[in-house]
Amino acid sequence: MRKALGALRGQIAGQFWGETLLQCGAGLVLALVLATVLLPGLNQLAGKSFGLADLLQPELLLGGLALLLLTSVVAGAYPALFASGFRPIQALKGRVGTRAGSQKRVRQVLVVAQFSLSLVLMATTAVVVQQLRYLRSKPLGFQKEAMVVIPLFGSGASGVLPQGVDVPFRARMNSFEEALTHQSRVRGVTALSGTPGSGYVRSLVVPEGRTESDNVFAAWVSVDYDFLPTFNIP
């Protein structure tokens, strides 16, 4: 209508770019609002403590503004440069010509590419969500809830128990373990040289029935007889 009423092509192009800028700006504001609302859930999922101040840093604001301008220019380029150049008289008379047909094909390609990209993003998001759910809910093979680990050689020790425990210390450790077993709220007590997940010692091991030349590197951990039932390992 504006073209038929005498509007110039530059005015039409400016209108398209202005509308695109408003739409992208509204999307940016909505994204900030959603990020603020969903931030507690992200912190709980990732174990972080991000706040609103982290979203309003000058670097992020400048980056968001630059992305807003770039997106507006790119998204509004097609209607501003091509759709504003048609001739209304020929269009009303049905004389679209080959140029209009090529523009139609370009529009079709852009629409198909947009929906294809949307499907790829949605599928990728679904895969990431499933992977995170798998990491959070996959059984590790041992019980990790309600477990208390007491390092017997301080926080700087590489493991819970050292290599080669002397006899007096072993006696004191057995007495301490015996005292814990008499506590009504303690269901099990065990001693081991490294907790699951903290890394184990790797050394040369000769499998049963092999010779010294058949030794292999293997990870191992020293445990007592109560290790498997305490950690509920089948």
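Any read-out appearing in this document is the output of simple, stated calculations on the displayed coordinates, not a laboratory observation. These figures come from a predicted structure and were not determined experimentally. Please note: Cβ atoms are built from the backbone with ideal geometry, for glycine as well, and neighbour counts cover all protein chains shown.
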Quick one: which of 224-231, 25-32 comes out on top by average Cβ neighbours within 10 Å, and what's the full order, highest first?
-> 224-231, 25-32
For Leu192, other-chain or 5+-apart residues with amide H closer than 5 Å (H placed, Pro excluded) are none
